[in-house]
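The values are calculated or read from the model by the stated rules, or taken from the named source; none is laboratory data. Predicted model only: the values in this text are computed from it and were never measured. A quick note on method: Cβ atoms are made from the backbone with ideal geometry, for glycine too, and the neighbour counts reach across all protein chains shown. Keep in mind that these areas ignore ligands, DNA and RNA; they rest on the heavy atoms of the full protein, side chains included. Shrake-Rupley method; radii C 1.70, N 1.55, O 1.52, S 1.80 Å.
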Amino acid sequence: MKQLYLKYKGHYKDNFSLAYPVVISQLGHTLVALSDSIIIGHTGKVPLAAVSLGNGLFSVFMVAGIGMSYGLTPLIAQENGRGNKGAIGHLLSHSLIINMVVGVVLSAVIYFGSAHLSFLHQEGDVADQARPFLRFLGFSFIPLMLFLSFKQFAEGLGFTRQAMNISIIGNVLNILIGITLVYGLFGLPRMGVIGVGIATFTDRLVMGITMAFYVLRAPRFKPYLQSFGFKNLKAAAIKKILGIGTPVALQYLFEVSAFSGAAVMVGWMGAAELAAHQIALSLAAMTYMMASGISAAAGIKSGNNFGKKDFGALRLSAIASYHMVLLLMGAAALLFTLGNQLLPSFYIQDPQVIQIASRLLIIAAFFQLFDGMQVVGLGILRGLGDVRIPTVITLLAYWVLGIPLGYLLGIKLDYGVEGVWWALLLGLLVASVLLFVRFQVKTRKLRISSAG
């Protein structure tokens with residue numbers, strides 16, 4: 001064990017220094033949904049189910065946007081590794097255009113799509129309360145994409161702390177506004193579910209403007225922004241960013257949409273089951289976003305080492321990232337197991353919901369390690385520019401295997417919400433194994449080719 005630690009000691013330190021601000025920043029996305037659920041959960045199971053439905057549907061679009069913004073980060077990390085500062089501002093200009101177009105289009109899709117929640121066969125009261133909440137989430141998509149554009153630029157250069165600080169401030173703001181509007185404090189009317197929607201929109205608007213102002217005004221970024229502007233936009237640069245961003249968006253989309261699809265199936269079982277699903281999923285999503293922070297840092301390091309053609313350091317750094325995520329997710333698994341009865345009570349006091357959620361947390365504890373491994377594997381491969389095969393792997397694991405099996409176990413064989421979750425666990429297991437094999441094959445080929 002000591003020999004192993006000494007071998008990776010430097011990489012643990014470097015990766016942790018880069019990763020922990022990204023972890024906190026990524027966690028901020030989930031904490032918005034988590035705080036929404038806790039704030040609204042004490043008003044009843046129907047509002048909680050409505051927030052569950054809204055956040056579940058929005059998360060599909062959100063992770064697509066996050067994935068699209070990730071098209072910038074490995075390219076900047078690679079160019080920084082090559083010492084090519086002139087290309088970096090040019091990449092930011094094109095990425096910003098892409099991300100804002102994506103934000104406007106998906107915001108419109110969410111707004112108009114919210115009118116058709118009846119097609120999902122949810123309980124009437126749940127759909128009615130979810131509709132205006134989902135629309136506010138849709139409005140928040142544009143400032144969210146603004147924030148992500150400048151966040152990924154800064155993180156690609158290894159500057160990760162400012163996005164973390166802005167995320168923390170944004171989450172505090174979201175909680176304060178949410179509590180005020182939901183419960184009608186300071187003489188304001190009680191807004192219920194709509195209140196948390198307004199709070200989320202305000203939080204993301206402040207974060208987007210603040211992050212853009214920071215990057216454009218900070219002296220440390222001036223050498224990289226000499227080529228930033230919109231006069232010399234080129235189709236080749238847009239294609240290059242989309243070539244990574246689109247598959248990464250699909251990777252996130254396939255996984256998160258599988259869990260959102262699971263939420264729809266669980267909604268057929270009743271409001272109590274859907275509320276329990278939301279509680280367990282929001283806790284699992286929190287640890288997932290922490291793991292995705294390690295994944296993002298792993299992608300930055302692998303991209304930087306790839307640009308330098310230092311393939312030995314690339315492999316050691318990647319393995320160190322695997323060690324880190326296994327430690328993190330192992331601790332999360334232990335927490336879910338020991339706190340399976342206590343944790344749901346922070347959301348709601350309904351005994352039926354708590355009992356169902358406590359059983360789901362045991363299943364969630366099992367899949368923590370697999371979830372962490374698969375997301376770190378995706379990050380490492382993204383840094384190498386390897387995105388197509390991993391995208392196929394995620395499609396097969398979640399939509400060819402996980403969702404059909406979930407329907408079979410949960411609906412047809414009547415194992416209920418637990419059957420759906422066991423199927424999702426199997427999908428995560430398959431994805432984590434296949435992505436690790438892909439990582440081994442790619443890095444060994446790089447070392448052999450460099451030696452030759």
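Looking at VAL400, VAL430, VAL441, VAL437 in this structure, which one is surrounded by 17 or more Cβ atoms within 10 Å (Cβ to Cβ), over 19 Å from the mean Cα position of the chain (by Cα) and at pLDDT 90 or above?
Checking each option against the conditions leaves just VAL430.
If the condition is being in contact (Cβ under 8 Å) with a residue 60 or more places away in the chain and either within 23 Å of GLY81 (Cα to Cα) or surrounded by fewer than 24 Cβ atoms within 10 Å (Cβ to Cβ) (or both), then region 374-390 contributes VAL376, GLY377, LEU378, GLY379, ILE380, LEU381, ARG382, GLY383, LEU384, GLY385, VAL387, ARG388.
The conditions of being closer than 30 Å to SER52 by Cβ, open to solvent by 40 Å² or more (accessible area, probe 1.4 Å) and either touching a residue at least 60 places away in the same chain (Cβ under 8 Å) or touching a His at 6+ places or on another chain (Cβ under 9 Å) (or both) are not met by LEU233.
Name every residue in region 182-229 that is out of contact with any Leu (no Cβ under 7 Å at 6 or more places or on another chain), open to solvent by 60 Å² or more (accessible area, probe 1.4 Å) and part of a loop (DSSP other than H, G, I, E, B), in order of residue number. Those that are out of contact with any Leu (no Cβ under 7 Å at 6 or more places or on another chain), open to solvent by 60 Å² or more (accessible area, probe 1.4 Å) and part of a loop (DSSP other than H, G, I, E, B): PRO189, ARG190, GLN226.
In this structure, VAL22 does not qualify as among the β-branched types (Val, Ile, Thr), farther than 26 Å from ALA212 by Cβ, open to solvent by less than 10 Å² (accessible area, probe 1.4 Å) and touching a residue at least 12 places away in the same chain (Cβ under 8 Å). Please determine whether any residue of region 85-92 is open to solvent by 50 Å² or more (accessible area, probe 1.4 Å), of a type in the set (Lys, Arg), outside any helix (DSSP H, G or I) and over 23 Å from LEU31 (Cβ atoms). Yes, region 85-92 contains at least one residue that is open to solvent by 50 Å² or more (accessible area, probe 1.4 Å), of a type in the set (Lys, Arg), outside any helix (DSSP H, G or I) and over 23 Å from LEU31 (Cβ atoms).
Would you be able to say whether some residue in region 131-139 is of a type in the set (A, V, I, L, M), open to solvent by 50 Å² or more (accessible area, probe 1.4 Å) and either under 17 Å from the mean Cα position of the chain (by Cα) or more than 30 Å from LYS309 (Cβ to Cβ) (or both)? So far as region 131-139 goes, no, none of its residues is of a type in the set (A, V, I, L, M), open to solvent by 50 Å² or more (accessible area, probe 1.4 Å) and either under 17 Å from the mean Cα position of the chain (by Cα) or more than 30 Å from LYS309 (Cβ to Cβ) (or both). In the set (1) modelled with pLDDT of 85 or more; (2) closer than 22 Å to LEU435 by Cα; (3) in contact with a Ser or Thr (Cβ under 7 Å, 6 or more places away or on another chain), the condition left unmet by ASN340 is number (2). Kindly evaluate MET145 against the criterion of being open to solvent by 50 Å² or more (accessible area, probe 1.4 Å) and either under 22 Å from ARG382 (Cα atoms) or part of a loop (DSSP other than H, G, I, E, B) (or both). No, not satisfied.
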